[in-house]
Amino acid sequence: MIKNTLLKVNLFISCVAIAVLLSFVFFFIFPSFKRIIITQAEENAQVIAEHLSDLLNTDDRGLEIKVDNHIDEVIGSMLRRFPINRINIYTTGGTVVWSTRRDLIGSVHSGEEFRKIALKGGIYSRYKAEGEGSLEGETIKGSVVETYVPVVRDGGVKGVFEIYLDVTDRENQVKRILYASGIIMSLLGVGLFGILLYSSRRSDYHLSLLHKARREIERQYERFYEILEHTPIGIYLLDEEGRIEYVNPAMTEISGATKEEFIGLRLLELPTYREIGLTESIGKAFLGEEFVLGPVEYTSYLGGKRTVRIFYGLPLDLHGRRKVLVFVKDVTDEKRHEEERERLIADLKKALSEVKILSGLIPICASCKKIRDDSGYWKQVEEYLKEHSEMEFSHGICPDCAEKLYPEFYKKKK
């Protein structure tokens, strides 16, 4: 059982094509050939009648025709040129005055149909297949064309030629040609079905690939759409007229507006865009140039939300239509953190500038431990450090110095 719908259609088309071709051959071409055979036979009959008419004479009254004695010789030459089956020559009364069949001479054709044809004065031909009857009621042997050619003398019909031309060979040739054509057309139909079958199989294969590719594209599109919907970066798509076709949730969050407010909005007409130079940048993007703008402070036209943003524009060509995809990053927090960091760095620099740091080689006395300053004066250690740092000193006495300065006190203690 054929399950493939396309294959069923192809089979139906092939069968219909074969039937139409065969019908065309047997119902149009064959009758056309038959008409051609009849026409040629009629023309040949007129040629024969024209040659024989010179051998006919009318009687004394000019009413009946008489046959010349040389007609047999002329008929003999005609038989070599034309496939003559029989020739009868009638008077207007229907009497056979001469015939290739001697037994018919003198017989009378009294049929009403013959009289109408004979007296009408026109040429009449018709095809007779083997076994059919002639106008005289005789059974025809072989396929013939029966033609009646009037003998016209002095403006009137004096007699009638009845000429049978055998067209059996011509008809058989035509039939053989038509049968061969039918076979060829049948083979062509079978070949057509084979081609359609092969094409349908190839089409099925390519369709399966297309369906697979389509599913993959849909899957990638869903993934891409999911990424757009969940990315923290604002995204919107502009059409050729600068209207928003798509906006993601992050963009509505950044602007403080709804998706419905965004869709269809003509961004290039917004004064806030012109103020920050974004209108010009988007215009260049429609000409094929990418752009980066920012960071800039921007107050949303829709939501009135003030943020610091960086804009990035990407030109697109979708099926010959220019579009621009704009990415918007909200760097308000980063900007604030950066400002705080810069302020902290400035505070640290200021604090460090107020701190005095001692470094390098300091000349000190090996005996009294005084330090020589840059001016060449020797100063006590605490005095020098106080001048060159933020140090403050409080005085006390160590045990060794106390024993040295107050020996009596230490002796009593021991």
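The values are calculated or read from the model by the stated rules, or taken from the named source; none is laboratory data. Predicted model only: the values in this text are computed from it and were never measured. Neighbour counts are summed over all protein chains in view; Cβ atoms, including those assigned to glycine, are modelled from backbone coordinates with ideal geometry.
Remark: Tyr225 matches the filter, which requires a residue to be exposed (fewer than 14 other Cβ atoms within 10 Å of the Cβ) and either aromatic (Phe, Trp, Tyr) or part of a strand (DSSP E or B) (or both).
When Ser389, Ser367 are checked against the criterion of being of a type in the set (Gly, Ala, Ser) and surrounded by 12 or more Cβ atoms within 10 Å (Cβ to Cβ), Ser389 stands alone in meeting it.
Determine, yes or no, whether Tyr164 is under 60 Å from the mean Cα position of the chain (by Cα), surrounded by 14 or more Cβ atoms within 10 Å (Cβ to Cβ) and either basic (Lys, Arg) or modelled with pLDDT of 75 or more (or both). For Tyr164, the condition - under 60 Å from the mean Cα position of the chain (by Cα), surrounded by 14 or more Cβ atoms within 10 Å (Cβ to Cβ) and either basic (Lys, Arg) or modelled with pLDDT of 75 or more (or both) - is not met.
Restricting the stretch 177-222 to residues that are hydroxyl-bearing (Ser, Thr, Tyr) and over 30 Å from Ala41 (Cα atoms), which is surrounded by the most Cβ atoms within 10 Å (Cβ to Cβ)? Only one residue tops the list, namely Ser200. Could you check, for the stretch 127-140, whether at least one of its residues is surrounded by 16 or more Cβ atoms within 10 Å (Cβ to Cβ) and in a helix (DSSP H, G or I)? Taking every residue of the stretch 127-140 in turn, none turns out to be surrounded by 16 or more Cβ atoms within 10 Å (Cβ to Cβ) and in a helix (DSSP H, G or I). Of the residues in the stretch 280-302, how many are over 12 Å from Val326 (Cα atoms) and either over 35 Å from the mean Cα position of the chain (by Cα) or among the basic types (Lys, Arg) (or both)? Residues meeting the conditions: 11. Filtering the stretch 207-245 to residues that are at pLDDT 85 or above and of a type in the set (Phe, Trp, Tyr) leaves only Tyr236. For the stretch 229-246, the condition holds for no residue, the condition being that it is surrounded by 12 or more Cβ atoms within 10 Å (Cβ to Cβ), closer than 26 Å to Val331 by Cα and in contact with a Pro (Cβ under 6 Å, 6 or more places away or on another chain). Restricting the search to strands (runs of 3 or more DSSP E) fully inside the stretch 1-104 and requiring at least 1 residues that are closer than 25 Å to Asp154 by Cα and either among the charged types (D, E, K, R) or modelled with pLDDT under 75 (or both) gives 56-58, 65-67. Among the candidates Glu339, Glu261, the residue that is in the same structural domain as Val247 (by TED's automatic domain parsing) and over 23 Å from Ile227 (Cβ atoms) is uniquely Glu261.
If you check Val149, Val145, Val174 for being surrounded by 18 or more Cβ atoms within 10 Å (Cβ to Cβ) and at pLDDT below 80, only one passes: Val174. Just the residues that are part of a strand (DSSP E or B) and more than 15 Å from Tyr273 (Cβ to Cβ), please, taken from the stretch 287-296. Answer for the stretch 287-296, where residues must be part of a strand (DSSP E or B) and more than 15 Å from Tyr273 (Cβ to Cβ): Val292, Pro295. Evaluating Ile217 against the criteria (1) without any contact (Cβ under 8 Å) to a residue 24 or more places away in the chain; (2) closer than 21 Å to Tyr312 by Cβ; (3) aliphatic (A, V, I, L, M) leaves one unmet condition, (2). Within the stretch 373-410, if we keep just the residues that are of a type in the set (Asp, Glu) and farther than 14 Å from Ile362 by Cβ, the residue that is farthest from the chain's Cα centre (by Cα) turns out to be Glu408.
This table checks each residue for (1) surrounded by 17 or more Cβ atoms within 10 Å (Cβ to Cβ); (2) assigned to a loop (DSSP other than H, G, I, E, B); (3) touching a Leu at 6+ places or on another chain (Cβ under 7 Å).
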residue: Glu280; (1), (2), (3): no, no, no
residue: Tyr298; (1), (2), (3): yes, no, no
residue: Gly303; (1), (2), (3): no, yes, no
residue: Thr307; (1), (2), (3): yes, no, no
residue: Tyr312; (1), (2), (3): yes, no, no
residue: Leu316; (1), (2), (3): no, no, yes
residue: Val328; (1), (2), (3): yes, no, no
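Leu325: of a type in the set (A, V, I, L, M, F, W, C) and without any contact (Cβ under 8 Å) to a residue 60 or more places away in the chain, yes or no? Spelling it out, it is not the case that Leu325 is of a type in the set (A, V, I, L, M, F, W, C) and without any contact (Cβ under 8 Å) to a residue 60 or more places away in the chain.
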